[in-house]
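The values are calculated or read from the model by the stated rules, or taken from the named source; none is laboratory data. These numbers come from a predicted model, not from an experiment. With ideal geometry, Cβ positions are generated from the backbone for all residues, glycine too; neighbour counts draw on all protein chains shown. All accessible areas refer to the heavy atoms of the entire protein, side chains included, with ligands and DNA or RNA removed. Shrake-Rupley method; radii C 1.70, N 1.55, O 1.52, S 1.80 Å.
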Amino acid sequence: ISVASHIYGSQIREMLDDLEGGDYLAAGALQRQLTPKMAALFMYPSPSPVKAVLNDQGYEVGDCRLPILSLNSEEKATLYRALGTKEAQA
């Protein structure tokens, strides 16, 4: 299951539709936009980054279970910079 699809589901769906429809240029453009975002979601142990984003978006997915730790404020700020979005609310 794609971790990134929890956050970028509509873009991934569009990319797959473009690919299936033979529009390789559009699919490639979306892939190039999504690749750095997907990489950012693995800059800390998974599922910490995706849980942080989902919680900040209002989806109450909770904290990570040990041995994985939830992201602290500094890590969230680094993640949001890497995603190219606003920083997490403190």
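Here are some residues: ARG13, ARG81. Which one is of a type in the set (D, E, K, R), closer than 16 Å to VAL3 by Cα and open to solvent by 70 Å² or more (accessible area, probe 1.4 Å)? The match here is ARG13. Within segment 53-90, the residues that satisfy the criterion of being among the basic types (Lys, Arg) and modelled with pLDDT of 95 or more are ARG65, LYS76, ARG81. Residues in segment 50-90 that are outside any loop (DSSP other than H, G, I, E, B) and in contact (Cβ under 8 Å) with a residue 40 or more places away in the chain: how many? Final tally of qualifying residues: 5.
Identify all residues within segment 1-15 that are under 11 Å from the mean Cα position of the chain (by Cα) and not β-branched (Val, Ile, Thr); write none if there are none. Correct list: SER2, ALA4, SER5, HIS6, TYR8, GLY9. When you scan segment 33-54, do you find a residue that is more than 14 Å from the chain's Cα centre (by Cα) and open to solvent by less than 60 Å² (accessible area, probe 1.4 Å), even just one? Within segment 33-54 (the criterion being more than 14 Å from the chain's Cα centre (by Cα) and open to solvent by less than 60 Å² (accessible area, probe 1.4 Å)), the answer is no, since none of the residues qualifies.
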